[in-house]
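A quick write-up on the structure given underneath.
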Amino acid sequence: MNPLVQVVLDDIAQQVATRMDLEVAEVRSLLEVPRESGRGDFALPCFPFARVMRRAPQQIAEEIATAFEPGPIIQSCQATGPFVNFTLDPAERARRVLGAIHSGGDDFGSQDIGSGKTVVLDYSSPNIAKPFHVGHLRSTVIGAALIRVYRSLGYQTIGVNHLGDWGTQFGHMMAAYSREDWKDPEREASDPIPFYRELYARFNLEIERDAGLAEEGRNWFRRLEEGDQEARELWKKFHDVSMIEFDRIYRKLGVTFDHFTGESFYNDKMDRVVEEARSREVAVESEGALVISVGDHVPPVMLLKSNGTTTYHTRDLAAAMYRQETFDFEMLLYVVGEEQRLHFQQLFHALERMGFEWAARCRHVGFGRYPNISSRGQGGKRFVGLDEILDEAIRRAKEKASENSDIEDASGVAEVVGIGAVIFNDLKNNRKKDVDFDPEDWNTILEFRGDTGPYVQYSHARTASIIRKHGAPVSTRIDYQLLTTPEDRTLVSLLESYPGRLAMAGQEVEPSLVTRYLLDLTKALSHYYHKHKVLVEDPPLRAARILLIDCARQVIANGLKILGVAAPERM
Ligand code: ARG
């Protein structure tokens, strides 16, 4: 709930409770926003008081309305059947809201709901020597937005990149790499990642025909887990090459992490998992492997394979235990595609079975796919690597910009418009939905109108340009009675609801609440321009509208920042 509204509702509850001899908390919890328009700004349903007060709700509503004394902000109070409706003074409301935005500036929206609490977010987490695909893009973009949401809600946030840098696939990589007949030093030097990727793919094809290869792969991974020198060196080589590529992508997206603790980080922390599982008597032998069973309908969690090596699950168990001990989190969120739902269900069950009460504070934050893009080029879909998407977005944005650009640094602006378009589109809908994106049709996401990132950026730049043309400092010492037309009220109430939206995005772990909010605000703003000229001659009216518009600019900028989208001043 938004802090400004909070104060008003507290005041209403306080007064009604004192005058009617009711519980403040009860009155407070009943106050709501009326569903019908024309019924004031807040309503208090009186049914719940009928029994104790032994009167009809209609009569109670009348009594409350008569007893209530309107003040500077609550302008009037009226009974409508069994409801009491409260109406705020629009000028006073505008004064409070715009004052808070103007003084809050870049911090408007920040809250302290989370103070003293830590949220750990496991996100991005691509795999070494494999492509960074669109699933990792989604995880990166959603995770980074959530980090900013929680940070502005006052939580301490820890962003962890759980790199896929361990596991049997590394054994496969090494086995493939050390085959004399597959070597190609020139290609490796010029194009290492694609070369490794192909080696890996080739190995996985050949393995179908040649069972001996699988054995070779497992041996290499065992050597790696045992700390064999040659295996470690190869591992480091694949790791370093991939990191260069990942860094390039993170730099483009403006994303950073607090920790790059990938799966390999837990190599020396897995014995403990096995010991704990044994000592808590939840680990059982099954066909030579060691497993934790997690119920009748979910497959068991494998801790050790029959050859003694660990699994993705073992490393996730070690990671969860490590994070609990190190960060003492309030929430541990895993931003990973819906296709890993079962993996996390098993993981959380296993933690529960091991007796960790904090398992209840772990949560899988799943998301949908990009159905029109395949990271493997299968199924008739066009192969589009992530780097290609970002580069193409920038190239197209530049093309569009050059048509009508007279601004300095047009190329820098086009870059943030291109990247912003991809990010905004990714965060536009409920995260569980698939992303609507057609690599053959860039216009839909790059257009300066419609539900796009560039549209919101453009709307921000337009407000900035009006403020520049105004040419004088923005002041809050204005006549707020001049901001009470329906369009003013709509804008004020939307601006007022920003902190509440942000809090809801945190509660529901849903960045699209911010994206949707920005689209609503942008539309209201464009409707405002349609109805009212801002740079009018009349100085008091002009000053009032300038303040309103500048507050809208501020809130759009703050919201875009949460999403990780830049807000250029000129476009
Ligand atoms: N590396 C994995 C993948 O690309 C994602 C890891 C997610 N995080 C985790 N703790 N399992 O599929």
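The table below lists the values:
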item	result
Scope segment 229-244; condition buried (at least 18 other Cβ atoms within 10 Å of the Cβ) and not aliphatic (A, V, I, L, M); matching residues	Trp235, Phe238, Ser242
Residue check, Gln346 within 14 Å of the ligand (Cβ to nearest atom), in contact with a strand residue (DSSP E or B) (Cβ under 8 Å, 6 or more places away or on another chain), farther than 29 Å from Val134 by Cβ and at pLDDT 95 or above	no
Considering residues of segment 97-131 that are under 16 Å from Thr256 (Cα atoms) and assigned to a loop (DSSP other than H, G, I, E, B) only, the residue nearest to the ligand (Cβ to nearest atom)	Ser125
Residue identified as under 36 Å from the mean Cα position of the chain (by Cα) and surrounded by fewer than 14 Cβ atoms within 10 Å (Cβ to Cβ) among Arg251, Arg209	Arg251
Flag if Gln6 is surrounded by fewer than 16 Cβ atoms within 10 Å (Cβ to Cβ), modelled with pLDDT of 95 or more and in a helix (DSSP H, G or I)	no
One residue from Ser411, Ser375 being surrounded by 14 or more Cβ atoms within 10 Å (Cβ to Cβ) and modelled with pLDDT under 90	Ser375
Elements of type helices (runs of 4 or more DSSP H) contained in segment 133-215, each with 1 or more residues being within 30 Å of Arg501 (Cα to Cα)	134-152
Selection within segment 480-500 - of a type in the set (D, E, K, R) and either out of contact with any Leu (no Cβ under 6 Å at 6 or more places or on another chain) or more than 11 Å from Val97 (Cβ to Cβ) (or both)	Glu487, Asp488, Arg489
Residue within segment 158-171 that is among the aliphatic types (A, V, I, L, M) and more than 9 Å from the ligand (Cβ to nearest atom) present	yes
Segment 62-96, residues that are among the aliphatic types (A, V, I, L, M) and either part of a helix (DSSP H, G or I) or closer than 30 Å to Arg545 by Cα (or both)	Ile64, Ala65, Ala67, Ile73, Ile74, Leu88, Ala91, Ala94
Unmet criterion (only one of (1) touching a Gly at 6+ places or on another chain (Cβ under 8 Å); (2) within 16 Å of the ligand (Cβ to nearest atom)) for Phe203	(2)
Some residue of segment 529-545 being buried (at least 19 other Cβ atoms within 10 Å of the Cβ), free of Cβ contacts under 8 Å to residues at least 60 places away in the same chain and within 27 Å of Ile445 (Cα to Cα)	no
Boolean, Ile147 is of a type in the set (Val, Ile, Thr) and in contact with a helix residue (DSSP H, G or I) (Cβ under 6 Å, 6 or more places away or on another chain)	no
Filter pass, Ser465 being of a type in the set (Ser, Thr, Tyr) and closer than 30 Å to Leu88 by Cα	no
Subset of segment 35-61 [small (Gly, Ala, Ser) and part of a strand (DSSP E or B)]	Ala43
Selection from segment 349-362 of residues that are more than 12 Å from the ligand (Cβ to nearest atom) and either farther than 20 Å from Glu508 by Cα or not small (Gly, Ala, Ser) (or both)	His349, Ala350, Leu351, Glu352, Arg353, Met354, Gly355, Phe356, Glu357, Trp358, Arg361
Segment 545-571, subset at pLDDT 95 or above and in contact with a Phe, Trp or Tyr (Cβ under 7 Å, 6 or more places away or on another chain), residue nearest to Ala410 (Cα to Cα)	Val565
Any hit, segment 172-192, residues being within 16 Å of the ligand (Cβ to nearest atom), within 28 Å of His259 (Cβ to Cβ), crowded, with 19+ Cβ neighbours inside 10 Å and not β-branched (Val, Ile, Thr)	yes
Selection status of Asp520, closer than 30 Å to Ala397 by Cβ, buried (at least 17 other Cβ atoms within 10 Å of the Cβ) and of a type in the set (D, E, K, R)	no
Residue identified as of a type in the set (A, V, I, L, M), in contact (Cβ under 8 Å) with a residue 12 or more places away in the chain and surrounded by fewer than 24 Cβ atoms within 10 Å (Cβ to Cβ) among Ile128, Ile158, Ile142	Ile158
Residues of segment 75-108 classified as within 26 Å of Ala17 (Cβ to Cβ), of a type in the set (D, E, K, R) and in contact with a helix residue (DSSP H, G or I) (Cβ under 8 Å, 6 or more places away or on another chain), total	3
Test for Ala13: is it among the hydrophobic types (A, V, I, L, M, F, W, C), in contact with a Lys or Arg (Cβ under 6 Å, 6 or more places away or on another chain) and in a helix (DSSP H, G or I)	yes
Pick from segment 311-337, criterion more than 12 Å from the ligand (Cβ to nearest atom) and buried (at least 16 other Cβ atoms within 10 Å of the Cβ), ranking: farthest from Asn161 (Cα to Cα)	Glu330
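The values are calculated or read from the model by the stated rules, or taken from the named source; none is laboratory data. Please read these numbers as outputs of a predicted model, since none were measured by experiment. For neighbour counting, all protein chains shown are included, and Cβ atoms are generated from backbone atoms with ideal geometry for every residue, glycine included.
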